[in-house]
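In what follows, a single structure is set out as structure tokens and then discussed.
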Amino acid sequence: MNIDLSPAELDFQAQVRQFLEEKLPSHYSDRVLKGLYLKKEEYIDWQKTLYQQGWAATNWPVEHGGTGWTPTQKYIWANECAEAGAPDVIPFGMKMVAPVIYTYGNDEQKERFLPDILASNVWWCQGYSEPNAGSDLASLKTTAVRDGDDYLVNGTKTWTTLGHYGDWIFCLVRTGRPEEKNQEAISFLLIDMTTPGITVSPIITLDGHREVNEVHFDNVRVPVANRVGEEGGGWTYAKVLLTHERTGIARVANSKRSLRQLKKLAAETGDGGATLMENPSFAQKITEVEFDLMALEYTELRTLAAVSTGKAPGPESSILKIKGTEVAQAIDELYVEMAGYYSLPFVKEQFEPDFAGEPVGPGMAADSAPHYFNNRKASIYGGSNEIQKNIICKAVLGL
Amino acid sequence: MDFSYSEEQQMLQDSISKFVAQDYDFDTRKKIIQTPEGFSTENWKLFADLGWLMVPFGEADGGLGGSATDLMVVMEELGKGIVVEPYLACVVMAGGLVAELGSEQQKQEILGPVMAGERQLAFAFAEAQGRYNLADVGVRAQQQGDDWIVDGHKAVVLNGEAAEQLVVSVRTAGDRTDAAGISLLVIDAGAPGVTRKGYQTVDGQRAAEVTFDRVTVPAGAVLGPVDQALPAIEKVIDRATLAVCAEAVGAMEVTYKKTVEYTKTRKQFGVPLAKFQALQHRMAEMFMEYELARSMLLMAAMQLDASDGLAPKAVSAAKNRIGKAARLIGQEAVQLHGGIGVTEELDIGHYFKRLTTIQFIFGSGDYHLQRYQQ
């Protein structure tokens, strides 16, 4: 056991730093470091920069254009990107649908879809949840009924993140009898969002922002050739994908950056003649989160190390999801507490990408409460934390 | 970055694990605790024969290497059986100090017999008024000719009763809480003026109150530089802290797994307890706390071996976080077992006891949180 980076890994770290220094535009990183959104074109532009560097797909196998990085390299990459304020890679294409396509898709599908995902030519979004299928995802009701070489798709998907930007959507649909709650009645379909019969309507979250949507399907015609894998195999594919999704979901690097920034700002925030960082109660809360984050980081590293020896990320990855979101939410809350009175103002314009004025209140205060409200989602999405505990009980503890 | 054990570490783990599984069941442990010594001299000899007592010492001192990771491997396995033999007090603490500060002659005279299992040591450092402050040393040693005259009282000296030699922190200069002016003496437990009052501890181990009344100690018994022993004491206590963290992680693993198994067999309302989701999620929490604690342990061991100055912070972070996990897992294990969990007859309560005492030796969670912040 040792914690040191090898000379080759140190070289890689230097290379990553140089790349970020040269290629990451400061008007992107400034916004990211303030916790603000970028425009659609800006996300795409950044992902295309990664593509040109050959670093777009850090989680794909090399044969499909992945980086082939070791777990340590991925860890270095994530940390450096978070430190530098690089925008998140939008996960729906790169991290979510692509692994399903290259694992379960046929050759034609791989050729047709993977290059455009890799080059960020197509914006993907996710059609899993439905208004009446949340944690109980397998009870989904969107139907796909065979009609010649097509399926006719009807139903509603919800919580579709950035669905209003989407070119394509991957959906879990019911191809078996509608009354069956059978997981084997579910198939995995790729749907072009320009197909007639699709409408996207916004859902405004607690931060006043349009991030998620409902997507309605009204007799939408989808070629059978767009089904990935077997009819009825969709649930299995989706589950594999969710396990992969959960390892990245811990967002350790982001929480590290966020906590470091919190400490810096707390040391500049006045608190009854001293600074907030000198307030023992506040300092204790910070240190406790810091310890949880360390434990989380090393749990993630252990998981990555196990994966590198050929093991698939097991149900233990549920820990990362639960603790990762708990830590992130604890940090969010401390930002609100730090902002004090300045957690109150809600000046919507200053969150817009084109806002050029001075925000109300000191650094990070303006977004603290909206971000805190919004990020309550984290313990709910990707399989709520309670569902994760069920998974641990069933798959790890055998309960 | 590498989380795998070396071949030697793997073999060490296997051999201790086999011992705990085959030769250290709950009834055997119970009998050992009831003996006057409070541990099995036969087991101690076995530990020596198998080379386990050599693990924390460097090769130059006749040991097996002495990395923090090696020590972690040993203690985690011993923790699984809540083994009471005084590995921590004799080998890690007192032995560690001799290795750290001893002259070649002292090392030969003391560490040789320790590694052979033929001598018991203890480290007397705690004092009632000092709580966890290692610099708070009121036991005084005054020079008289070539000798030192020692007076004062040391509290809760682990293995203090069985020890043939005591390594004692004494004040040789300055005020009671000064960092400078602390020295270490190796004092024969049978020396005139040494009084030991031994007792059992709540977790089934043994300790002693030790009083020094005008004890004469020769100059050759000073360990390391006079007045400057504190850094070595801090270093060795950090290693001992890592050791109990590892012990706790081993004990937690057994505790949560036994609890899960128990709920699968115990029936109430016509079904196994394991079927109740109110209990299932609490066991999921226990599992997660165990895994997070183990991650903290690996982190701290690797930081100690990296020796880049971050070690004390890493140890404090680990002690705080592992202590929190130990509290949750210990308390929940008893609660989920129900009434039987608060009886002496079941092992689970004994794991709970050790998981509790570990929280309060070498610094409570609060102490380590504050130390980390400094």
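Mean residue ellipticity at 222 nm, helices only, chain B: -16500 deg cm²/dmol; runs of at least 4 DSSP H residues each add -39,500 (n - 2.57), and the sum is divided by the number of residues.
Taking only protein heavy atoms and a 1.4 Å probe, the accessible area of the range A:171-222 is 50% carbon and sulfur. Calculated on the alpha-carbon coordinates, the convex hull of the protein assembly as shown measures out at 178 cubic angstrom per residue. Relative to the longest principal Cα axis of chain B, at what angle does helix B:311-337 sit, 0 to 90 degrees, rounded to 10? That helix lies at roughly 40 degrees to the long axis.
Chain A contacts chain B over a buried accessible area of about 3600 Å², both sides summed; the probe is 1.4 Å and only protein chains count.
In terms of its C-alpha gyration tensor, the range A:122-234 has an oblate overall shape, because the principal axis ratio a/c (a ≥ b ≥ c, square roots of the eigenvalues) is not below 1.5 and a/b does not outweigh b/c.
Interface burial in the range A:262-297 reaches 30 Å² or more for A:Gln284, A:Thr287, A:Glu288, A:Phe291, A:Asp292, A:Met294, A:Ala295, comparing the full protein assembly with the chain by itself; accessible area from heavy atoms with a 1.4 Å probe. If you roll a 1.4 Å probe over the range B:1-105 with all protein chains in place, what percent of the accessible area is carbon or sulfur? Ligands and nucleic acids excluded, carbon and sulfur give 50 percent.
Comparing the full protein assembly with the isolated chain, the residues of the range B:291-307 losing at least 40 square angstrom of accessible surface (1.4 Å probe) are B:Glu291, B:Leu292, B:Ser295, B:Met296, B:Met299, B:Met302. Taking Cα atoms only, the orientation of helix B:230-265 departs from the longest principal axis of chain B by about 20 degrees.
Taking a ≥ b ≥ c as the square roots of the eigenvalues of the Cα gyration tensor, the range A:7-89 is oblate, since a/c reaches 1.5 or more and a/b is not larger than b/c. Separation of the alpha carbons by more than 23 angstrom is noted, of A:Lys394/B:Lys319; A:Lys389/B:Lys319; A:Lys323/A:Lys389, for A:Lys394/B:Lys319; A:Lys389/B:Lys319. Taking the protein heavy atoms of the range A:7-89 in the context of the full set of protein chains, the accessible area attributed to carbon and sulfur is 48 percent at 1.4 Å.
A 1.4 Å probe run over the range A:124-237, with the rest of the protein chains in place, finds 43 Å² accessible per residue. Assuming a ≥ b ≥ c are the square roots of the Cα gyration tensor eigenvalues, decide whether the range B:231-373 counts as rounded (a/c under 1.5), prolate (otherwise, with a/b larger than b/c) or oblate. Cα axes put the range B:231-373 in the prolate bin. When chain A is treated as a GNM with alpha-carbon contacts under 10 Å, the residue of A:Ala378, A:Ala330, A:Ala306 showing the greatest mean-square fluctuation is A:Ala306. Amide H to amide H distances under 5 Å link A:Tyr151 with A:Val222, A:Val224, where only residues 5 or more positions off or on other chains count and H is placed in the peptide plane. Note that chain B presents 40 Å² accessible area per residue, ligands and nucleic acids not counted, probe 1.4 Å.
A simple charge model with +1 on the Cβ of Lys and Arg, -1 on the Cβ of Asp and Glu and nothing else charged puts the dipole of chain B at about 1540 debye relative to its Cα centre.
In the range B:310-335, the residues that give up 10 Å² or more of accessible area when the other protein chains are added, compared with the chain on its own (1.4 Å probe), are B:Ala317, B:Asn320, B:Arg321, B:Lys324. Long hydrophobic helices in chain A: the complete DSSP H runs spanning 27 Å or more by Cα along their own axis with mean Kyte-Doolittle hydropathy of at least -0.5 are A:280-308, A:317-339.
The angle separating the long axis of helix B:104-115 from the principal Cα axis of greatest extent in chain B is about 30 degrees.
The values are calculated or read from the model by the stated rules, or taken from the named source; none is laboratory data. These numbers were taken from a predicted model, which means no experiment stands behind them. All Cβ positions, glycine included, derive from the backbone under ideal geometry; neighbour counts span all protein chains shown. Protein only, heavy atoms only, side chains kept; ligands, DNA and RNA dropped before computing areas. Shrake-Rupley method; radii C 1.70, N 1.55, O 1.52, S 1.80 Å.
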